[in-house]
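Since the structure comes first, as structure tokens, the remarks are kept for the end.
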Amino acid sequence: MQLFIAFKNYSSWSLRPWIALKAKGIAFEETVLEYSELDNFGAQHEIPPKVPVLMDQGLVIWDSLAILEYLAEQFPEQAFWPKEKALRALARSASAEMHSSFMGLRSQCSMNCRKERRVPMTVEIENDLKRLAEIWQEFGQAQNKPTGAFLCGEFSNVDAMYAPVMWRVRNYGLTVSPAFDHWAKAMYELPAMQEWLAAAKAEETKWVLPQYED
Ligand SMILES: N[C@@H](CCC(=O)N[C@@H](CS)C(=O)NCC(=O)O)C(=O)O
């Protein structure tokens, strides 16, 4: 299994399948592509010039959510989605919402794992933070959840989809809710996340995008 990603410090979409694979202990090879390589890479595989992309058994799977669905199918024993039907439906809905929404946070607080920054508060950011608090409340009230600090108790795809939000809230000094903070601490402390952070810091000598590094 080979996962193609971009710079760890900035590539929030890359983080999602990467952390899911690591959290579930699945071995894979990773290739970090420079942004300048993406056009050729996409053309070569007849896919959009974006990462993450997973290659497995001759298949090319692009787009973070499609990769997470593929992993759930390939490793049913790993519970990439929670086993309980209602919880799984909630996890899938919240994951799709992250994929299609949160434009305020995504565009105004771009992920930068190694730098703390501040931006002016806007209505868009405020609305996204409120929505995060609602989502965390909904997962908090969900029934039949295994124990654990993640949204569905144990780590699942929905945590992977929201993983970059941990960095945004933390490094832009934002506030969501105590339930979110509890989750964010567990996410930050995951050995896999610490591995990602160390790699993001190590990239600084090679790859710095000045627009994100005031
Ligand atoms: N919807 C896609 C988004 C992928 C995406 O935008 N990836 C960024 C890196 S984080 C990228 O490849 N950007 C290069 C470009 O847009 O040219 C997904 O979920 O995987």
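The values are calculated or read from the model by the stated rules, or taken from the named source; none is laboratory data. What you see is a predicted model, and the numbers here were worked out from it, not measured in a lab. Neighbour counts are summed over all protein chains in view; Cβ atoms, including those assigned to glycine, are modelled from backbone coordinates with ideal geometry.
Quick look at the values:
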| read-out | value |
| --- | --- |
| Count - residues of segment 50-100 that are under 15 Å from the mean Cα position of the chain (by Cα), of a type in the set (Gly, Ala, Ser) and surrounded by 17 or more Cβ atoms within 10 Å (Cβ to Cβ) | 4 |
| Breaking point among (1) in contact (Cβ under 8 Å) with a residue 12 or more places away in the chain; (2) in contact with a helix residue (DSSP H, G or I) (Cβ under 8 Å, 6 or more places away or on another chain); (3) more than 11 Å from Phe4 (Cα to Cα), for Pro49 | (1) |
| Conditions (1) in the same structural domain as Glu134 (by TED's automatic domain parsing); (2) among the acidic types (Asp, Glu); (3) touching a residue at least 40 places away in the same chain (Cβ under 8 Å); number of the one not met by Glu34 | (1) |
| Residue list for segment 40-65, filter: within 8 Å of the ligand (Cβ to nearest atom) and outside any loop (DSSP other than H, G, I, E, B) | Trp62, Ser64, Leu65 |
| Any pair with Cβ under 9 angstrom, 6 or more apart, that starts in segment 136-161 at a residue that is free of Cβ contacts under 8 Å to residues at least 24 places away in the same chain and among the hydroxyl-bearing types (Ser, Thr, Tyr) and ends at one that is outside any helix (DSSP H, G or I) and surrounded by fewer than 22 Cβ atoms within 10 Å (Cβ to Cβ) | Thr147/Gly153; Thr147/Glu154 |
| Criterion: outside any helix (DSSP H, G or I) and not assigned by TED's automatic domain parsing to the domain that holds Glu69 - qualifying residue of Trp136, Trp167, Trp207 | Trp207 |
| Counted residues, segment 5-28 - those being farther than 23 Å from Glu204 by Cβ, outside any loop (DSSP other than H, G, I, E, B) and out of contact with any helix residue (DSSP H, G or I) (no Cβ under 6 Å at 6 or more places or on another chain) | 1 |
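So that you can scan it fast, the table gives a plain yes or no per residue for (1) of a type outside the set (S, T, N, Q); (2) modelled with pLDDT of 95 or more:
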| residue | (1), (2) |
| --- | --- |
| Cys109 | yes, yes |
| Cys113 | yes, yes |
| Glu124 | yes, yes |
| Leu129 | yes, yes |
| Gln137 | no, yes |
| Asn144 | no, no |
